[in-house]
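> The structure under discussion is supplied below as structure tokens; questions concerning it will follow.
The values are calculated or read from the model by the stated rules, or taken from the named source; none is laboratory data. It should be emphasised that the depicted structure is a prediction, and the values quoted were computed from it without experimental measurement. We place every Cβ from the backbone using ideal geometry, glycine too, and count neighbours over all the protein chains shown.
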Amino acid sequence: MDDPSVSVRHGTSNDAAAVADLAAQLAQSFPFSRTRFDASYASLLDMEHACLLLAVDGDTALGYLLGFEHATFYANGPVAVVAEILVHAECRGRGIGRTLMEAFERWAASQRCGLVALATRRAAPFYVALGYEESAIHLRKVLREPAER
């Protein structure tokens, strides 16, 4: 990483507010709901197959990555998927995203995953520079309208 004061660690229950602030910056397809975030944050931390990583400088969260491991047939075993990654706009270009991805790759390897996958709309050149290659088109179908509960 370009900045030695930045480190990456696993998220904890004490990080909820910082992760929520970052996640709100990522939300584009759906309006961010702090109520729904709060309802799911603790359960995500408790999931054996989930990985929440934070890039921090002291007590300040600069970015996060949320990913999951799951079993597959096509890859002859488990794969890891990056569901969300965000580095605060003011902190980009310092190697933080690369460091988050490298930490997730190490976690995925420790879970015996055969590959790491992700979907992106705007950052393909960043991931290609990290050694990722285009493999498929990511499609989605919204099953319900996001509503406050």
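> Starting from residues that are surrounded by 12 or more Cβ atoms within 10 Å (Cβ to Cβ) and among the small types (Gly, Ala, Ser), keep the ones in the stretch 108-122 and report whichever is nearest to Gly93 (Cα to Cα).
From the stretch 108-122, those surrounded by 12 or more Cβ atoms within 10 Å (Cβ to Cβ) are 108-109, 111, 113-120; that's our starting set.
Among the residues that remain, those that are also among the small types (Gly, Ala, Ser) are: 108-109, 114, 117, 119.
Details: Ala108: 24, Ala109: 26, Gly114: 29, Ala117: 22, Ala119: 20 Å.
Result: Ala119.
Table: residues versus (1) without any contact (Cβ under 8 Å) to a residue 24 or more places away in the chain; (2) under 23 Å from Tyr41 (Cα atoms); (3) assigned to a loop (DSSP other than H, G, I, E, B).
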residue	(1), (2), (3)
Leu66	yes, yes, no
Ala75	no, no, yes
Ala80	no, yes, no
Leu86	no, yes, no
Arg94	no, no, yes
Leu100	no, yes, no
Phe104	no, yes, no
Arg121	yes, no, yes
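> Among the residues that make up the stretch 50-61, is at least one of them closer than 22 Å to Tyr132 by Cα and without any contact (Cβ under 8 Å) to a residue 40 or more places away in the chain?
As a first pass, look at the stretch 50-61 and keep what is closer than 22 Å to Tyr132 by Cα: 50-55.
With the extra rule that they be without any contact (Cβ under 8 Å) to a residue 40 or more places away in the chain, the set shrinks to 50.
Scanning the stretch 50-61, I find at least one residue that is closer than 22 Å to Tyr132 by Cα and without any contact (Cβ under 8 Å) to a residue 40 or more places away in the chain, so the answer is yes.
> Restricting attention to the stretch 92-148, which residues are in contact with a helix residue (DSSP H, G or I) (Cβ under 7 Å, 6 or more places away or on another chain) and modelled with pLDDT under 85?
Thr120, Glu148
> Among the residues of the stretch 29-61, count how many are surrounded by 15 or more Cβ atoms within 10 Å (Cβ to Cβ) and within 15 Å of Thr12 (Cα to Cα).
12
> Would you mention how many residues in the stretch 1-37 are of a type in the set (D, E, K, R) and in contact with a Gly (Cβ under 8 Å, 6 or more places away or on another chain)?
Pass one, the stretch 1-37, residues of a type in the set (D, E, K, R): 2-3, 9, 15, 21, 34, 36.
If we keep only those that are in contact with a Gly (Cβ under 8 Å, 6 or more places away or on another chain) as well, we get 2-3.
Residues meeting the conditions: 2.
> Can you tell me which residue within the stretch 21-42, out of those that are under 28 Å from Leu139 (Cβ atoms) and in contact with a helix residue (DSSP H, G or I) (Cβ under 7 Å, 6 or more places away or on another chain), is modelled with the highest pLDDT?
Tyr41
> Could I ask something else about it? Got a sec? Which of Val87, Val142 is among the β-branched types (Val, Ile, Thr) and exposed (fewer than 10 other Cβ atoms within 10 Å of the Cβ)? Lay out the reasoning, then the answer.
Working: Val87 fails: exposed (fewer than 10 other Cβ atoms within 10 Å of the Cβ).
Result of the check over Val87, Val142: Val142.
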